[in-house]
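Each remark here refers to the structure printed beneath this line.
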Amino acid sequence: MNHVKPANGALALDVKKIKNISAWANGVDLIKNLRRNKMTETVEKYETNLPEVVQAKSIQLSPIEMAQSFLSSGGDLANLEKMLALQEKFDAIQAKKAFVKAMAKFKTEPIRIVKDKENKQYGSKYSSIGATVNACLPRMGECGLSHKWEFTQKDPKIMTGTCVVTHEEGHSDSVSMDSPIDVSGNKNPIQAIKSTRTYIKIETFSSLMGIASAEVDLDDDGTAAGVQYITEKQVSIIYDMINSTETDETAFLKWIGAESVDAIQMPDFNKCLAALKAKVEK
């Protein structure tokens, strides 16, 4: 393919020398690469100086039209399939590179995850899902990363959860975990499942994002965490009252603004208690 360099320095293509679809694709890829590198002025010059036919073809061709153009210009179906497979492999490699780069960028600024909850039964501290995930979301957004969880339960006593982190370029990575259903305390079956899901969410997210929590300085009244959550004993009290009053747990948590009972903030405990007691007295 011959290139002609106009007086203004921008690149133009001799449309008469273009014989198949790969030439059109080269024009499209060049524009995309220039845009990706934020070379807006260069892109505008390049597009402006393309012959009208090339501009229209490089920008407006759908994959079907590109395939038809390739075949009509003498290409065969076998070569077309090879080209498409090669392009898919190339795109996947580029997406994975972008994902790795985004994860590296995410870790350039340390994120403090505090152990804001205490398990008095085992005498240990742990990080709530709010302290773990919410602290990471702004930085993940800056890096083009998003997350979700998927759950399956083939065994009534075992739950499997998977955390999936995806980059805006399309590549994803995941971590899975099996956990027995949490039947501790006074949880009903639904509450036991929700508690198990919450635990799996915390562990899989932390593992995939490579984050670790730190101990909270108990002398600062919980201000190191920015927020303090109710204790294990208070969680048990709330569960007891929800069950005894047959309260809709989902509606109750939506009303108080918490994802789960153990994510209820300490200042809201008395408010929850008062609302549930009022329901008992009715």
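Laboratory data are not the source of any read-out in this text; all were calculated from the coordinates shown. Small disclaimer: the values here were computed from a predicted structure and weren't measured. All Cβ positions, even for glycine, are placed from backbone atoms using ideal geometry, and neighbour counts span all protein chains on display.
Using R0 = 30 Å, the C-beta based FRET efficiency linking residue 87 and residue 176 works out to 0.45.
Placing unit charges on the Cβ atoms only, positive for Lys and Arg and negative for Asp and Glu, gives the stretch 113-281 a dipole magnitude near 440 debye about its Cα centre. Here is the list for the stretch 223-282: GluC sites (Glu not before Pro) lying in DSSP coil, each with at most 15 other C-beta atoms within 10 angstrom of its C-beta, are 246.
The modelled label-to-label distance for the pair residue 247/residue 281, using points 7 Å beyond Cα in the direction of Cβ, is 1.4 nm.
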